[in-house]
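Notes for the one structure printed next.
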Amino acid sequence: MEKWYGVSGLVLVLSLFFGVKGEPQVPCYFIFGDSLVDNGNNNELRSLARADYLPYGIDFANGPTGRFSNGRTTVDVIAELLGFDDYIPPYSTASGRQILGGVNYASAAAGIREETGQQLGARISFSGQVKNYQQTVQQVVNVLGDEDSAANYLRQCIYSIGLGSNDYLNNYFMPLYYSTGRQYSPEEYANSLIQEYTEQLQVSIIQLWGKEVCVDRFGSDRLQSK
């Protein structure tokens with residue numbers, strides 16, 4: 001049995017490295033997050049947290065796109081490994097049947113808390129991203145024809161969620177702009193974030209037919225399946 005596991009793993013690795021193409025492993029991939037995975041949702045916002053200009057995107061085929069990197073982001077790589085023909089589009093431009101492949105809702109400077117990042121200007125908080133996802137769900141219902149079809153389809157999707165670092169960098173650690181550092185001890189603040197994060201996940205995403213949810217550990221690149 002161990003030999004078969006080894007062969008299967010080798011085939012998977014070789015297929016990823018040598019570009020063996022087939023149908024995507026999942027029909028759709030939905031992304032929630034901050035600047036680590038934002039791919040253009042902040043481009044039209046009045047915000048200092050934008051990356052639609054050089055040197056951002058200097059190594060990316062399409063140049064600056066709103067990604068806060070020189071090239072691909074982690075979710076771009078994940079989309080490739082999952083077998084998608086193209087990267088997941090930002091919510092700001094996704095339309096029509098394109099949404100059936102997934103949508104990226106991430107927004108630079110966004111946090112779990114509503115006020116996080118406000119000193120940088122406009123951004124789409126986690127609750128705002130969830131509301132945008134709810135709009136997408138309704139669009140999926142319209143495209144597929146009824147709620148049962150949409151529910152069955154969305155249950156097959158992967159959901160990647162990674163927020164929380166801005167709630168420290170652009171909130172708790174900025175006493176000139178925010179009072180959270182005086183209101184909460186570090187442990188109290190962490191517990192408050194976890195509680196709010198959990199509520200948003202359970203009430204707003206999992207109940208809307210999300211099944212496979214990967215939660216990024218407050219801005220790290222390690223994913224946990226929940």
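Every number in this text was worked out from the coordinates using simple rules, so none of it is lab data. These figures come from a predicted structure and were not determined experimentally. Here the Cβ positions follow ideal geometry from the backbone for every residue, glycine too, while neighbour counts run over all protein chains shown.
The residues packed around Pro90, meaning those with a beta-carbon under 13 Å from its beta-carbon, carry a net charge of -3 if Lys and Arg are +1 and Asp and Glu are -1.
Other residues within the sphere of radius under 15 Å centred on the Cβ of Phe60, judged by their own Cβ, net out at -4 (K and R +1, D and E -1).
The value for segment 61-216 of Rg(Cα) / (2.2 N^0.38 Å) is 1.13. In units of the compact-protein estimate 2.2 N^0.38 Å, segment 126-192 shows a Cα radius of gyration of 1.67.
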